[in-house]
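See structure below.
Bear in mind these aren't lab numbers, they're just calculated from the coordinates by the rules spelled out. Quantities reported herein were computed from a predicted structural model and do not represent experimental measurements. Here Cβ is always computed from backbone atoms with ideal geometry, including for glycine, and neighbour counts include all displayed protein chains.
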Amino acid sequence: MALASLMVRLTAGLTNDTLLRFTADLAGRLKATRVIGIAACQPPQVFYGAPDMYVPQEVIDRDRAQIEAELKAAEDRFRTRLEGKVTSLEWRSTVTHGPLADYIAEQMRAADLLITAPDEGSSLFDATRQVEVADLVLKAGRPVLVVAANVDKLDLGSVVVGWKDTREARRAVEDALPLLKLADGVTVVEVTSVEELPEARARTEDVADWLARHGVAASARAEASSDGDAVQLSSISEEVGAGLLVGGAYGHTRVREWVLGGVTRDLLLRPPRCSFVSH
């Protein structure tokens, strides 16, 4: 599948310049025909969270005007930075009391890939302007490219695929194929127990062979677990100079809460390098 329609999630109130440069460059390399900019905000909960709290109308109006101004500034910057670099530009935004991830996930029906910055904390600003990336990954139904801080161009000199023999990993590799075809080299890595090493070697060789048949320069690597999967996968990625890590997001519901596996949480959602995640 071609990644012809990209969506970039911007944060209202920030310049988003690095993320926009990244998106413009990637759209050109993928020959994407459309980029959709998206942003969402909630009214500050301190104003609206207490049902018995009186809030003067002028305060509500002033806050709404600030939100609208921030969203308009984000749209203007999006259009200015990407004008002339892609065939079609679209903008979508909303102010909602609901989860911001829900709105963005719904809009992903229009795109092949979501580009986003990683989670950045849990301050009041984050609660009203930021989005839980874990929620996006698990709800979007599309792959998510999480861009590491201060990265304005995707480094595809070396890519690591973090392999587990699961549906999510198979989905991630297929979804990432347009990017993997642009890579100079791809290493398929499985970290497992000593007892499982023969099977892991066979699995990773199968994946590397499948990739090769799709025009990807791929090699296989299986290693016995010693420091924990996330630590070891990070070390291997550092060793081969990977600019991108591809993996499946393993999650399940528990009392209305999404819970993600350690590798997904530690390496894919708060990445030291860019990461491509599918669920």
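Observations, loosely collected:
- Put in line by how crowded their Cβ is, counting other Cβ atoms within 10 Å and starting with the fewest, Leu182, Leu20 read Leu182, Leu20.
- Mean separation of Cα pairs under 8 Å and 6 or more residues apart, divided by the residue count, gives the chain a relative contact order of 21 percent.
- Label-to-label distance, nm, for residues given as Gln66 and Lys181 (7 Å Cα→Cβ offset): 4.7 nm
- Highest mobility in the GNM of the chain, judged by mean-square fluctuation with C-alpha springs under 10 Å and restricted to Gly248, Gly37, Gly13, is found for Gly13.
- Reach of Lys181 by Cα under 26 Å, taken over lysines that are not fewer than 8 positions away in the same chain: Lys31, Lys85, Lys153, Lys164
- Calculated mean residue ellipticity, 222 nm, the chain: -11000 deg cm²/dmol, from DSSP H runs (n ≥ 4) at -39500 (n - 2.57) each, averaged per residue and rounded to 500.
- Electrostatic dipole magnitude of the chain [Cβ: Lys, Arg +1; Asp, Glu -1; Cα centre; debye, to 20]: 860 debye
- Averaging the sequence gap over all C-alpha pairs within less than 8 Å and six or more residues apart, then dividing by the number of residues, gives region 145-253 a relative contact order of 39 percent.
- With Cα atoms, 0 to 90° folded angle of helix 229-239 axis to the chain main axis: 80 degrees
- Seen against the Cα atoms of the chain and their longest principal axis, helix 197-212 is set at about 70 degrees.
- Sorting Met1, Met7 from the fewest to the most surrounding beta carbons within 10 angstrom yields Met1, Met7.
- Ordered by the number of other Cβ atoms lying within 10 Å of each residue's own Cβ, fewest first, His214, His279, His97 fall into the sequence His97, His214, His279.
- Efficiency of FRET from Cβ geometry, Asn150 and Asp209, R₀ 45 Å, rounded to 0.05: 0.80
- In plain terms, the chain is cut at each of the trypsin sites (Lys or Arg not before Pro) found in a DSSP loop with at most 13 other Cβ atoms within 10 Å, and the longest leftover piece is 32-212.
- Between the amide H of Trp163 and those of Val189, Glu190, Val191, distances stay under 5 Å, these residues lying 5 or more places away or on another chain, with hydrogens modeled in the peptide plane.
- Between Glu106 and Glu238, the modelled label-to-label distance comes to 4.3 nm, taking each label 7 Å out from Cα in the direction of the beta carbon.
- The label point for Ala4 and the one for Lys85, both projected 7 Å from the Cα toward the Cβ, are 2.2 nm apart.
- Shape class of region 136-251 from the Cα gyration tensor (axes a ≥ b ≥ c, square roots of the eigenvalues): rounded, since a/c falls below 1.5.
- According to the Kirkwood relation over distinct C-alpha pairs, the hydrodynamic radius of region 123-194 is 14.7 Å.
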